[in-house]
Protein chains: 2
Amino acid sequence: MRNFTVGPVAMSQDILNIGSEQIPYFRTAEFSKLMLENEAMILRAANAPAGSRAVFLTGSGTSGMEAAVVNLFDEDDKVLVVNGGSFGARFAEICRVYGIPHEEVKLSFGKQITANDLAPFENQGFTGLLVNIHETSTGVLYDAELLSAFCRRNNLKFVVDAISSFLADPFDMSKIGADAVIVGSQKAIALPPGISAVLLSSRACEVISLRERIRCFYLNLKEALKNGERGQTPFTPAVGILLQMHKRLSGILTRGVAEEIRKAKRLAQYFRERIANFPFVVASESCSNAVTSLRVLPECKSTAFEIFEILKNEYGIFVCPNGGDLRDSVFRVGHIGELTANDYEALFSAFEDMKSSGKI
Amino acid sequence: MRNFTVGPVAMSQDILNIGSEQIPYFRTAEFSKLMLENEAMILRAANAPAGSRAVFLTGSGTSGMEAAVVNLFDEDDKVLVVNGGSFGARFAEICRVYGIPHEEVKLSFGKQITANDLAPFENQGFTGLLVNIHETSTGVLYDAELLSAFCRRNNLKFVVDAISSFLADPFDMSKIGADAVIVGSQKAIALPPGISAVLLSSRACEVISLRERIRCFYLNLKEALKNGERGQTPFTPAVGILLQMHKRLSGILTRGVAEEIRKAKRLAQYFRERIANFPFVVASESCSNAVTSLRVLPECKSTAFEIFEILKNEYGIFVCPNGGDLRDSVFRVGHIGELTANDYEALFSAFEDMKSSGKI
């Protein structure tokens, strides 16, 4: 199967090889050393400022999103949520569950955020901002500098879900002054799903260290930070994925993070230049390199979901369907993981074939 | 490395092989079918009563423990926690985090629970009981029938953490009338760590379905149950481990759950019969088949933690150290995962060698 989804993505052979090895016991000096190196490497890959820390949660990316929110905010905060898709809505829902006062900047499908969108929220007593810097459900990469400047002006804690953007788009934690950055194992890091990393600025670490009560036991980052000092986790982690992460981050840092990002960018450009021959249009402004959202045009003979199904069943190709209201109109093609131009040739060849046979 | 820890444990070759395969996209009918089969198989392996459900969380076993507590209880409940070790203490801590009124039956290290221990808590307005049926930190397998009868008499919701006992000791969810049973992927199921399953009786499912507010987003079992109806999860799960689980549960059910338990029991007996030659004694009453806790005798020339280190560094053997107060006095030897009598021969040969060289 060729895999153009946005996760789990295709993995390299050296990572797969680790997946077939026995998993060692982890309460050891050897595993602690590996974990401390993982922490240092992921901070370096994000250009985190000095004094930052990273912790590794065993869970989906959503566990990292919730951990950032519940450890940094409470009922006395007022949080602004950028909501332009299902992951923005998820941040708002997490605030609701914890009774954290919040407002939403609602953006239409596929739209970039602008200064006008933020203007009504200047000097309104907010204490934090939550954004999925790449709203994975629509493919939009939000303007990090605009949001960063807004956070600095308003002295907000800046929480960035970079799950599907990290290592696909340029990202500089120091430059944008993010306080928490959430990363997932199954996106451009190209590992199996099961680990979410949360990178924390020294300010965020301090906020957490001073917190008397954290309202989730499993997602308590104070405990995670404390255990992380000796390269350990409070609970049994997904050890296998953390071993794979060590291998993968070592490779990426050797080649250079910029090279990893260039690879995603090249694949995205290659794909977007060739899509004009088919009854789809790029559906989003300011696309992330990680994925292209495509809207099927009225003349297309199959719905977006039917295209997903045909590609899967007849061509052994996975693209990424959308859910909810967009199920029939939008599908997504990813550019992360072990993909090459050859894989896209196979996808275009399938599209050509579907066009000839009147399916699109 | 020979692995006698209680997780991650040694895995079989067919499971390791799956670990080296690419992970498929999971929002598909194919993955849904596999997940529905996983649910049916794990319920069958636990002899869950008709109407029970199982959900799969991406997380450590602790995520399953917290999910059971936060979805079944709130401030209006009064919960009894069996606390005879660090995992019992963890259940109590989870209750504290959520402000769930609770009391503890405190048991000394390695002690079985008795009717006398429970007597003061009869008819005291409790609504639930939480137990780690095998307290992994001490190796004690608690008396499930005694606890079950107490729960029935007092009409309590009965939550059983069976993480390190499931498939190692006989377990019958129907017979003991458990409402929630928590299982972890890295114990006797012998898969990589990263998945916790929560099995729920029809009564527990009903309680959850009627709950208006669940105080953790990631661990919301109402959503997990709803998504599970179509074989899906609310968030990206650890797909790879769930594929391995399908293979493993299929194999276990083909051979029979009783055979799997007999295997752990045989290994535990074989080990316990031969340990008398060394300066250790079995430290717990009523041992689980999963692990033997050993207390080092005063004449032993190394502490428990030193023995762990010597075995690891000089013999390539992992046993399980204890933490906290027990670090120097107790270590544990597991009997789950892909272990054979040959592995124990190697362990005893190492012990003999350490004895000859004056290390124990």
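The values are calculated or read from the model by the stated rules, or taken from the named source; none is laboratory data. The structure presented is a predicted model; accordingly, all values stated were derived computationally and were not measured. With ideal geometry, Cβ positions are generated from the backbone for all residues, glycine too; neighbour counts draw on all protein chains shown. Heads up: the accessible areas ignore ligands, DNA and RNA and are worked out on the full protein's heavy atoms, side chains in. Shrake-Rupley method; radii C 1.70, N 1.55, O 1.52, S 1.80 Å.
Quick look at the numbers
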quantity	calculated
Extreme residue, positive dipole direction of chain B, given options B:VAL183, B:GLY84, B:ILE18 (C-beta unit charges)	B:ILE18
Efficiency of FRET between A:SER12 and B:ALA115 - r from beta-carbon atoms, R0 45 angstrom, step 0.05	0.15
Residue of B:ALA29, B:ALA190, B:ALA350 that the Gaussian network model of chain B assigns the largest fluctuation, springs spanning Cα pairs under 10 Å	B:ALA29
Vicinal HN-Hα couplings computed from phi for segment B:179-185 (Karplus, 6.51 cos²θ - 1.76 cosθ + 1.60; Hz; Gly/Pro x)	9, 9, 10, 10, 10, x, 6
Anchor B:LYS78: aspartates and glutamates whose Cα lies under 15 Å away (excluding residues fewer than 8 positions away in-chain)	B:GLU93, B:GLU103, B:GLU104, B:GLU122
Evaluated at q = 0.07 Å⁻¹: base-10 log I(q)/I(0), Debye formula over Cα of chain A	-0.30
Reduced Cα scattering model of segment A:188-249, Debye log10 I(q)/I(0), q = 0.11, 0.21, 0.23 Å⁻¹	-0.30, -0.96, -1.07
In nm, spacing of pseudo-spin labels at A:ASP172 and B:SER357 (7 Å Cα→C-beta vector)	5.5
Over segment A:313-360, relative contact order from alpha-carbon pairs under 8 Å, at least 6 apart, %	26
Per-residue average of Cβ from other chains inside 10 Å of B:229-236	4
Share of carbon and sulfur in the accessible heavy-atom surface of chain A [1.4 Å probe, %]	49
Sequence-distant aspartates and glutamates (8 or more away, or on other chains) whose Cα lies within less than 13 Å of B:LYS301	B:ASP328
Residue with peak Gaussian network fluctuation, chain B [Cα springs, cutoff 10 Å], from B:GLY84, B:GLY139, B:GLY256	B:GLY256
Set B:LYS157/B:LYS265; A:LYS312/B:LYS226; B:LYS175/B:LYS265; A:LYS355/B:LYS33; A:LYS106/B:LYS222 screened for pairs whose C-alpha atoms are more than 24 Å apart	B:LYS157/B:LYS265; A:LYS312/B:LYS226; A:LYS355/B:LYS33; A:LYS106/B:LYS222
Label 7 Å beyond Cα on the Cβ vector: A:ASN313 copy-to-copy distances, nm	6.1
Other-copy label distances relative to B:GLU103, 7 angstrom Cα-Cβ extension, nm	5.0
Label 7 Å beyond Cα on the Cβ vector: B:GLU30 copy-to-copy distances, nm	3.6
Degrees separating the helix B:144-154 axis from the principal Cα axis of chain B, which is the longest one	30
Interface size A-B, as summed buried accessible area [1.4 Å probe, Å², nearest 100]	4100
Angle between chain A longest axis and helix A:61-72 axis [Cα atoms, degrees, rounded to 10]	30
1.4 Å probe accessible area per residue over the protein assembly as shown, in Å²	35
Segment B:123-178 and segment B:181-246: distance between their alpha carbon centers, rounded to Å	19
Shielding of A:186-197 by partner chains, average beta-carbon count, 10 Å	4
Efficiency of FRET from Cβ geometry, A:VAL282 and A:GLU37, R₀ 56 Å, rounded to 0.05	0.90
Between 0 and 90°, nearest 10: helix B:86-97 axis offset from chain B longest Cα axis	30
